[in-house]
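Quick notes on the structure that follows.
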Amino acid sequence: MSLDVEAETARWLATISPQEVERAISYTQGSHWLILGDLVVTAVVAWLILKSGVLSGIRDRLGRGRSRPNLTVLIVALVFSGLNWALALPWSWWSGWRRETEYGLTRQPVGGWLAEGAMSAAIGAVGLAVLLVGVYFLMRRAGRIWWAWAGGLTAAFMAVMLLAGPVFIEPLFNTYTPAPDGPVRDAVVRLAERTGTPSDRIYIYDGSRQSDRYTANVSGLFGTARVAMSDVMFQQGADLAEVRGVVGHEMGHYVHRHALWMTGIFGFLAMAVFWLADRLYPVARRWLGANRVGEISDPAGLPVLSVVIAFIFVLATPIINTMVRTMETDADRFSLEYANEPDGLSAALIKTAEYRAPSPSWLEEFLFYDHPSVENRIRMAMQWKADHPPEG
């Protein structure tokens with residue numbers, strides 16, 4: 001007897017109560033509006049920083065006498081990042097902690113959230129400052145095609161950050177331990193051996209510190225790459241079938257080098273963004289009334305550049321989401337092929353529906369979803385199940 005794919009998909013979706021679906025829709029659609037909110041806050045904060053004259057003052061003081069452009073960019077970028085974080089903090093608090101708390105997606109105390117946010121901002125400020133020293137150097141030296149070189153530099157920077165993340169950054173926020181001996185580890189090791197994933201790079205981390213989301217991830221590149229499962233998975237009763245389905249998905253990212261592919265893609269995307277920013281910068285400078293900053297190569301105009309880039313990325317959201325969704329679909333397919341746990345993967349996907357509405361319209365999914373919808377992912381799993389009935 002053949003499996004009715006649509007009926008099986010509907011059966012899985014019916015395990016989510018109407019109240020849970022309504023809550024998920026409310027959270028998800030609210031998250032869409034946050035994209036616009038982030039852009040507005042970016043523009044307001046940039047305007048405030050420009051009107052304060054702090055960055056242009058730093059530029060003028062450091063520019064006296066012997067020219068020190070790289071030092072000027074470094075200090076301006078650090079000061080900009082600090083001011084940007086402080087001025088946007090009320091919005092970040094509401095969107096990143098208060099809202100998550102109201103929807104039951106985190107139990108982290110606000111003090112812990114604030115401390116981690118400050119540490120993350122400090123790390124990000126240093127990394128951004130180093131990158132911007134290179135970008136502004138290229139603006140000064142590479143002429144009209146600076147944007148092409150800057151895109152390549154951005155890709156290289158992303159690769160370095162991906163390599164360093166699991167070793168130097170992620171342990172600052174969470175504790176990662178190898179999966180302990182037992183049925184879970186045995187199942188994961190067998191799956192790793194079958195997929196060619198190093199079995200000594202399977203970790204469990206205390207993700208419940210920050211969030212109650214059911215999730216796993218793959219991070220790093222080459223020798224630093226690893227698969228990590230949040231302890232929330234086990235707090236929510238993940239069985240072996242779910243673990244195999246979820247870890248198989250993350251192994252798909254590892255084996256198919258999705259992080260490396262995305263680094264290359266984002267390098268080309270960065271070229272396009274910088275090219276557009278070069279042309280939109282004068283318009284944004286006039287719109288923001290930035291009378292004390294010069295052309296795009298002036299580091300004091302960094303707030304203007306930040307607004308332009310944020311605006312471009314909002315417009316590019318569907319493009320970026322489509323690229324990520326494609327790789328997520330590929331990882332699901334990999335999991336089904338190697339783990340062969342369509343029901344386990346579906347059970348895990350149902351648990352992610354609390355923060356990702358399960359059945360959006362095709363347009364909403366195209367515009368806003370960086371993963372395929374839960375409904376479409378379960379339908380693919382059920383189609384796999386129908387196409388691969390158990391032997392005997």
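The values are calculated or read from the model by the stated rules, or taken from the named source; none is laboratory data. In this text, all values refer to a predicted model and were calculated from it rather than measured experimentally. So basically every Cβ, Gly included, is an ideal-geometry build from the backbone, and we count neighbours across all protein chains shown. Accessible surface is based on the protein model in full, side chains and every heavy atom, while ligands, DNA and RNA are left aside. Shrake-Rupley method; radii C 1.70, N 1.55, O 1.52, S 1.80 Å.
Summary table below
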{"item": "Residue list for region 1-22, filter: open to solvent by 90 Å² or more (accessible area, probe 1.4 Å), more than 21 Å from GLY104 (Cβ to Cβ), free of Cβ contacts under 8 Å to residues at least 24 places away in the same chain and assigned to a helix (DSSP H, G or I)", "result": "ARG11"}
{"item": "Filter result for THR215 (modelled with pLDDT under 90, surrounded by fewer than 19 Cβ atoms within 10 Å (Cβ to Cβ) and more than 30 Å from GLY82 (Cβ to Cβ))", "result": "yes"}
{"item": "Filtered residues of region 316-361 (kept if aromatic (Phe, Trp, Tyr) and surrounded by fewer than 18 Cβ atoms within 10 Å (Cβ to Cβ))", "result": "none"}
{"item": "Criterion: of a type in the set (Ser, Thr, Tyr), surrounded by fewer than 21 Cβ atoms within 10 Å (Cβ to Cβ) and modelled with pLDDT of 90 or more - qualifying residue of SER199, SER208", "result": "SER208"}
{"item": "Filter result for TRP47 (among the aromatic types (Phe, Trp, Tyr) and within 30 Å of THR215 (Cα to Cα))", "result": "no"}
{"item": "Any hit, region 229-237, residues being of a type in the set (A, V, I, L, M), more than 20 Å from the chain's Cα centre (by Cα) and assigned to a helix (DSSP H, G or I)", "result": "no"}
{"item": "Residue match in region 212-228 (condition: part of a helix (DSSP H, G or I), among the basic types (Lys, Arg) and either in contact (Cβ under 8 Å) with a residue 60 or more places away in the chain or out of contact with any Leu (no Cβ under 8 Å at 6 or more places or on another chain) (or both))", "result": "no"}
{"item": "Identity of the residue in region 268-287, surrounded by fewer than 20 Cβ atoms within 10 Å (Cβ to Cβ) and among the hydrophobic types (A, V, I, L, M, F, W, C), that ends up nearest to the chain's Cα centre (by Cα)", "result": "PHE268"}
{"item": "Yes/no for TRP85 being within 30 Å of LEU363 (Cβ to Cβ) and either surrounded by 15 or more Cβ atoms within 10 Å (Cβ to Cβ) or under 20 Å from the mean Cα position of the chain (by Cα) (or both)", "result": "no"}
{"item": "Criterion violated by ILE145 - all others in (1) among the β-branched types (Val, Ile, Thr); (2) closer than 20 Å to LEU276 by Cβ; (3) open to solvent by 60 Å² or more (accessible area, probe 1.4 Å); (4) touching a residue at least 12 places away in the same chain (Cβ under 8 Å) satisfied", "result": "(4)"}
{"item": "Wholly within region 269-383, helices (runs of 4 or more DSSP H) carrying at least 3 residues that are closer than 30 Å to THR195 by Cβ and out of contact with any Pro (no Cβ under 6 Å at 6 or more places or on another chain)", "result": "317-338, 342-352"}
{"item": "Number of the condition not met by GLY223 [criteria: (1) open to solvent by less than 50 Å² (accessible area, probe 1.4 Å); (2) modelled with pLDDT under 90]", "result": "(1)"}
{"item": "Those residues of region 289-298 which are of a type in the set (A, V, I, L, M, F, W, C) and surrounded by fewer than 20 Cβ atoms within 10 Å (Cβ to Cβ), in sequence order", "result": "none"}
{"item": "Count of region 299-315 residues which are crowded, with 22+ Cβ neighbours inside 10 Å and either over 26 Å from HIS32 (Cβ atoms) or aliphatic (A, V, I, L, M) (or both)", "result": "8"}
{"item": "Number of the exception - GLY182 against (1) in contact (Cβ under 8 Å) with a residue 24 or more places away in the chain; (2) open to solvent by less than 30 Å² (accessible area, probe 1.4 Å)", "result": "(1)"}
{"item": "Residue count, region 247-261 (criterion: buried (at least 19 other Cβ atoms within 10 Å of the Cβ) and hydrophobic (A, V, I, L, M, F, W, C))", "result": "3"}
{"item": "Residue in region 32-54 that is farthest from GLU354 (Cα to Cα), counting only those that are without any contact (Cβ under 8 Å) to a residue 60 or more places away in the chain and open to solvent by less than 60 Å² (accessible area, probe 1.4 Å)", "result": "VAL54"}
{"item": "ALA155 vs. criteria open to solvent by less than 60 Å² (accessible area, probe 1.4 Å) and touching a Ser or Thr at 6+ places or on another chain (Cβ under 8 Å)", "result": "yes"}
{"item": "Residue list for region 246-263, filter: farther than 14 Å from ILE202 by Cα and part of a helix (DSSP H, G or I)", "result": "HIS258, ALA259, LEU260, TRP261, MET262, THR263"}
{"item": "Region 325-363, residues that are farther than 18 Å from GLN236 by Cβ, in contact (Cβ under 8 Å) with a residue 40 or more places away in the chain and under 21 Å from the mean Cα position of the chain (by Cα)", "result": "ARG325, MET327, GLU328, THR329, ASP330, ALA331, ASP332, ALA357, PRO360"}
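Here's the yes/no breakdown for (1) acidic (Asp, Glu); (2) at pLDDT 95 or above; (3) surrounded by fewer than 17 Cβ atoms within 10 Å (Cβ to Cβ):
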| site | (1), (2), (3) |
| --- | --- |
| ARG99 | no, yes, yes |
| LEU114 | no, yes, yes |
| ALA118 | no, yes, yes |
| ALA129 | no, yes, no |
| VAL188 | no, no, no |
